[in-house]
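All of the numbers you see were taken from the coordinates with simple rules; none came from a lab. All figures in this text were calculated on a predicted structure; none of them were measured in a lab. Here the Cβ positions follow ideal geometry from the backbone for every residue, glycine too, while neighbour counts run over all protein chains shown.
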């Protein structure tokens, strides 16, 4: 079985500050890991994914995440927050391989203060 | 390229009524998924199709939920009869055969009164 833990439900940062959203996973098999972003009243958009190649993954909008097997973590970071980054962020895990089921965390709401 | 299309975007019904949601995946995507997203939670997979066959429906409440993808393209998810706890956003996603990335539609927001 696989699961994802996203601690806390809300993170607030100032514009220009570092964004750090935490994700820890549990998996009995090698995982693929994903970060999705959801803006109000919209579907989920893929930010980045780890599929067992490079452990540091760069995504869209300046986000990146590092897969750390020893810590079972896949934290999302962005050096400088923009107001447009305000949204809900979901971490998800799946077994390796194509067309696998995604198991999502509960999500974290990111607020950006002017 | 057009994304995943879903309709309706919003639906309000009373408990014990029936409701149906429609999804049109990205052209050429063989795999289609339906997820349920309850407020404050992450999406949960209800059912996964590969072409018109069911791959995984282990979390679908089969006493009231049904889904079909008859021609391997569009899909319909039905709830009959609806319960209060079915209030949620129903997300459809699709992916290419052999790919790990799922593309999501805008969702249908269901409120059961």
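Of the beta bridges in chain A, as assigned by DSSP with both residues counted there, near 90 percent are antiparallel. Summarising the label geometry, the points placed 7 Å from Cα in the beta-carbon direction at residue A:29 and residue A:111 lie 4.1 nm from one another. Per-residue extension of 0.36 nm, minus the Cα-Cα distance of residue A:1 and residue A:56, leaves a gain of 17.3 nm for this segment.
The label-point distance for residue A:14 and residue B:85, in a model that sets each label 7 Å from Cα toward Cβ, rounds to 4.6 nm. Under 1.5 on a/c is rounded, so check that first for segment A:35-107, then, if it is not, pick prolate when a/b is larger than b/c and oblate when it is not; a ≥ b ≥ c are the square roots of the alpha carbon gyration tensor eigenvalues. Since a/c reaches 1.5 but b/c is at least a/b, the shape of segment A:35-107 is classed as oblate. Each 10 Å bin, from zero up to the one with the longest distance, holds this percent of the alpha carbon pairs of segment B:1-86: 16, 49, 30, 4. To the nearest 0.05, how large is the calculated FRET efficiency for residue B:22 and residue A:45 if R₀ is 25 Å and r is the Cβ-Cβ distance? Once the sixth-power term is evaluated, E becomes 0.70.
Computed log10 I(q)/I(0) for the protein assembly as shown at 0.10, 0.13 Å⁻¹: -0.46, -0.77, from the Debye equation with unit scatterers placed on every C-alpha and solvent omitted.
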